[in-house]
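Worksheet: the structure to be examined is printed underneath.
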Amino acid sequence: MINVYQPSLGKEELNRIEKVFESNWIGKGKLVNEFEEKYAAMLGTDTKHVISTNCCTEGLFSSMHLLDVKPEDEVILPTISFVGAANSICANGSKMVLCDVDPRTLNVRAEDIEKVITKKTKAILLLHFGGIPCEMDDIMDLANSHGIKVIEDCAAGVCSSYKGRALGTIGDMGMWSFDAMKILVCGDGAMLYFKDEEVRNRAEKWLYFGLETKSGYENSVAQKWWEFNISCYGHRAIMNDVAAAMALAQFEKLPLFMEKRKAVNDYYNDNLKEISWLELPPVLPENVKSSYYFYHIQIKNGKRDELATYLRQNGIYTTYRYFPIHRVKGYNVSGEFPNADYATDNTLCLPIHQSLSDSDMELVVNKIIEFGKQYC
């Protein structure tokens, strides 16, 4: 089966993990610090603004506390979004206010957000769909004019940028995922960015029990290093050196990963562009850079589900991300979201990852063409 997403791992990751085992320290340590420093540099910042955590969903949940979102506040969320984002708002007791998206890019726009802003709006939790940047100038102008916080879900946006700035560093807080199906993988893990250094410092305590003092070997000051105090009822949500060892090996491969993903994207563009019943992803503006995490097509003849089934029967796995929040009964929300509904009923994500072979890509294209000849 040709997978939609797939990690690319090898001996380099194993060698780094072996050294961690030999060190006799597998918890949070110097490798986590090294990864934070390198990732921060890639973002064009430093560790005064960046900290790692155990998963991107933890970043979503923590954003509510760290940006002081209260239960009485409203948080705007595009309905095409990750379930963890919706859960983070609802678990905080805040009111989740959904908005529509662009039907082609599946990204939220300032005009979609503006329609649902009220006096109670505290934050916007936006998703950069598949690592394709939202139009951030318009969104930030709108948010700033209303005094609204902006949280960027860049889970799939490693190496994405907007007008020369790393995606995730434009709003008040951003986050990137390194789980098993992302581009840079380390089993589980994430990086968080904070515009405000003070919020980043609070995050460090929040993500480790709220501890005010370091313990064990890290505490070189206190005479009784086993004593401690807390500043908040924090979580334990830290990265460890095993995960960081994998992440560091993957980090070195990122340029090649991005080169390969762009090549897959371009191959699909070149070989699917003449199919009249398909719409390809919109052409990106010159001033943005995508991570090419998704390659999403839209089927214009209403046969998306049939195409997905046909491809699966021929050894090609496809999917649709993300199922809209307004259709999830558990959230008990209502509203009209025509663009999201169109996208949900007609969009299909094709396999795109750095392990795809030329024959894999050729098979995907040939089977789509074959389907069209038989059913379209």
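Read the figures in this text as sums done on the coordinates, not as results from a lab. Computed from a prediction, not measured in an experiment: that's the story for all the values here. All Cβ positions, glycine included, derive from the backbone under ideal geometry; neighbour counts span all protein chains shown.
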With +1 on the Cβ of every Lys and Arg and -1 on the Cβ of every Asp and Glu, the dipole magnitude of segment 126-189 about its Cα centre, in debye rounded to the nearest 20, is 160
For the chain (alpha-carbon point model, no solvent) the Debye-based log₁₀ I(q)/I(0) at q = 0.14 Å⁻¹ works out to -1.23
In whole angstrom, the spacing between the Cα centers of segment 68-146 and segment 308-345 equals 19
Rounded to the nearest 10 degrees, the helix 197-206 long axis (Cα) sits at an angle to the longest Cα principal axis of the chain of 80
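Could you work out the percent of alpha carbon pairs in segment 254-375 separated by over 23 Å, rounded to a whole number? Each step should come with its number before you reach the end.
Values: 2665 of 7381 pairs.
Beyond 23 Å sits 36 percent of the P(r) for segment 254-375.
For segment 113-199, which semi-axes, largest first and in whole Å, follow from the square roots of 5 times the eigenvalues of its Cα gyration tensor? Could you put the intermediate results ahead of the total?
Details: eigenvalues 117, 36, 29 Å².
Gyration-tensor ellipsoid for segment 113-199: 24, 13, 12 Å.
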What the Cα atoms of segment 27-87 span along the principal axes, largest first and in whole Å, is 39, 27, 22
For the chain, longest principal axis from Cα atoms; helix 56-66 axis from its Cα atoms; angle between them, nearest 10 degrees, is 60
Per DSSP, the loop-located GluC sites (Glu not before Pro) within segment 249-301 having at most 16 other beta carbons within 10 Å are Glu274, Glu286
Assertion target for Val75, Val283, Val83, Val264, ordered by fewest C-beta neighbours within 10 angstrom first, is Val283, Val83, Val264, Val75
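Once the convex hull of the alpha carbons of segment 173-286 is built, what does its volume come to per residue, in cubic angstrom?
Working: hull volume 19.6 nm³, N = 114.
Spelled out: Cα convex hull of segment 173-286, divided by residues, is 172 Å³.
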Placing +1 on each Lys and Arg Cβ and -1 on each Asp and Glu Cβ in the chain, then taking the dipole about the Cα centre, the residue among Asn366, His65, Leu192 whose Cα reaches farthest towards the positive end is His65
Here, trypsin sites (Lys or Arg not before Pro) of segment 200-308 satisfying both criteria (DSSP loop; at most 14 other Cβ within 10 Å) are Lys214, Lys224, Lys273, Lys300
In terms of the charge dipole of segment 204-314, which places +1 on Lys and Arg and -1 on Asp and Glu at the beta carbon, the residue among Ala308, Ala243, Tyr293 farthest towards the positive end is Ala308
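Could you tell me which of the pairs Lys300/Lys367; Lys95/Lys195; Lys119/Lys195; Lys28/Lys70; Lys253/Lys289; Lys48/Lys122 are separated by over 27 angstrom between their Cα atoms in the structure shown?
Violating the 27 Å limit, Cα to Cα: Lys28/Lys70.
If the only charges are +1 at each Lys and Arg Cβ and -1 at each Asp and Glu Cβ, what is the size of the charge dipole of the chain around the Cα centre, to the nearest 20 debye?
It works out to roughly 460 debye.
Quick one: of the DSSP bridges fully inside segment 11-250, what percent are antiparallel, nearest 5?
Values: 13 of 29 bridges.
Around 45 percent of the beta bridges assigned by DSSP in segment 11-250 are antiparallel ones.
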Any residue on another chain or 5+ positions along whose placed amide H is under 5 Å from the amide H of Val97 is listed here as Val75, Ile76, Leu77
Zone reached by a paramagnetic label modelled 7 Å from Lys163 Cα along Cα→Cβ, restricted to segment 95-138 with backbone N below 13 Å, covers 134-138
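For Leu348, Leu284, what's the fewest-to-most ordering of other Cβ within 10 Å of each Cβ?
By the 10 Å Cβ count, ascending: Leu284, Leu348.
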Least to most buried among His296, His326, by other C-beta atoms within 10 Å and fewest first, runs His326, His296
For segment 254-375, the dipole about the Cα centre with charges only on Cβ (Lys and Arg +1, Asp and Glu -1), to the nearest 20 debye, works out at 320
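Run through segment 1-95 and list the GluC sites (Glu not before Pro) located in a DSSP loop whose Cβ has at most 10 other Cβ atoms within 10 Å. Could the numbers behind the result be given before it?
Working: sites: Glu12, Glu13, Glu18, Glu22, Glu34, Glu36, Glu37, Glu58, Glu72, Glu74; in loops: Glu72.
The qualifying sites are Glu72.
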In degrees rounded to 10, the 0-90 angle between helix 30-43 Cα long axis and the longest Cα principal axis of the chain is 50
Correct semi-axes for segment 59-152, from √(5λ) of the alpha-carbon gyration tensor and rounded to whole Å with the largest first, are 19, 15, 11
In deg cm²/dmol, rounded to the nearest 500, the helical mean residue ellipticity at 222 nm of the chain, built from -39500 (n - 2.57) for every DSSP H run of length 4 or more, is -12000 deg cm²/dmol
